[in-house]
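Taking it in order: structure first as structure tokens, then the write-up.
None of the figures in this text is laboratory data; all of them are computed from the coordinates on show. Please read these numbers as outputs of a predicted model, since none were measured by experiment. Cβ placement follows ideal geometry from the backbone for every residue including glycine, while neighbour counts extend to all protein chains displayed.
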Amino acid sequence: GAGVSQSPRYKVAKRGQDVALRCDPISGHVSLFWYQQALGQGPEFLTYFQNEAQLDKSGLPSDRFFAERPEGSVSTLKIQRTQQEDSAVYLCASSSRQGDRGGYTFGSGTRLTVV
Amino acid sequence: SQQGEEDPQALSIQEGENATMNCSYKTSINNLQWYRQNSGRGLVHLILIRSNEREKHSGRLRVTLDTSKKSSSLLITASRAADTASYFCATGLIQGAQKLVFGQGTRLTINP
């Protein structure tokens, strides 16, 4: 597609509920990133995929967070047993293999509110 | 944790004036990028400067990089109301070069 698409745009979850956030990267982009952005803060790195391989998951805050990209295209970020501190905007970005030449393309994000 | 710190945190100027935002970082970098974020939207890539470059221009944007001081600046000339947004610097690290580490951002308001 023309850009990075994320769904849903907004998600309200009750505390303890599991959620799944979807990212459709730009077709052919090898690298895919997930970031978490709290209100008024800069994005914080969560995890990185190169094709289907998850090469860096050092930013995942707990074992309740899980990400996958089984076929090297669409990615899903899953949060189990959501807590109020998980409320944030979750941003997905993709880049070509030579991504650092042109920066990363971000989606519009999923705003998660845990009540 | 975030590596970059932007200064100022908020900036309000009149349309037509120039806006300067600064970014400092802590560790060695491969490149530094600037992004813009409009309220409620995703980030838009503005410009990338490599660690061996000192200055780069793109339209009304001018970016400088001083690796000895671990700092960068973004200058927007002849500002427009549409430039109102948050601006973030992001560093591509030498270690783990694929991921970007973002600063806290500068909230820029252009008054008509």
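Some values worked out for this structure:
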{"item": "Ranked list, fewest to most other Cβ atoms within 10 Å of each Cβ, for A:Trp34, B:Trp34", "result": "A:Trp34, B:Trp34"}
{"item": "Cross-link table A:Lys57/B:Lys70; A:Lys57/B:Lys99; B:Lys56/B:Lys99; A:Lys14/A:Lys57; B:Lys26/B:Lys56; B:Lys26/B:Lys69, entries beyond 19 Å C-alpha to C-alpha", "result": "A:Lys57/B:Lys70; B:Lys56/B:Lys99; A:Lys14/A:Lys57; B:Lys26/B:Lys56"}
{"item": "Segment A:Ala38-A:Gln50, length gained on full extension (0.36 nm per residue, minus Cα span)", "result": "1.8 nm"}
{"item": "Distance (nanometres) between label positions extended 7 Å along Cα→Cβ at B:Arg41 and B:Ala82", "result": "1.0"}
{"item": "Separation in nanometres of the label points that stand 7 Å from Cα toward Cβ, at A:Val30 and A:Ser87", "result": "4.1"}
{"item": "Sorted by Cβ neighbour density within 10 Å, fewest at the top, the residues B:Ile49, B:Ile94, B:Ile13", "result": "B:Ile94, B:Ile13, B:Ile49"}
{"item": "Nitroxide proxy distance, nm - points 7 Å out along Cα→Cβ at A:Arg15 and A:Arg64", "result": "1.0"}
{"item": "Cβ-Cβ FRET estimate between B:Arg50 and B:Asn111, R0 fixed at 35 Å, reported to 0.05", "result": "0.50"}
{"item": "Relative contact order of chain A, pairs being alpha-carbon contacts under 8 Å that are 6 or more residues apart, as %", "result": "37"}
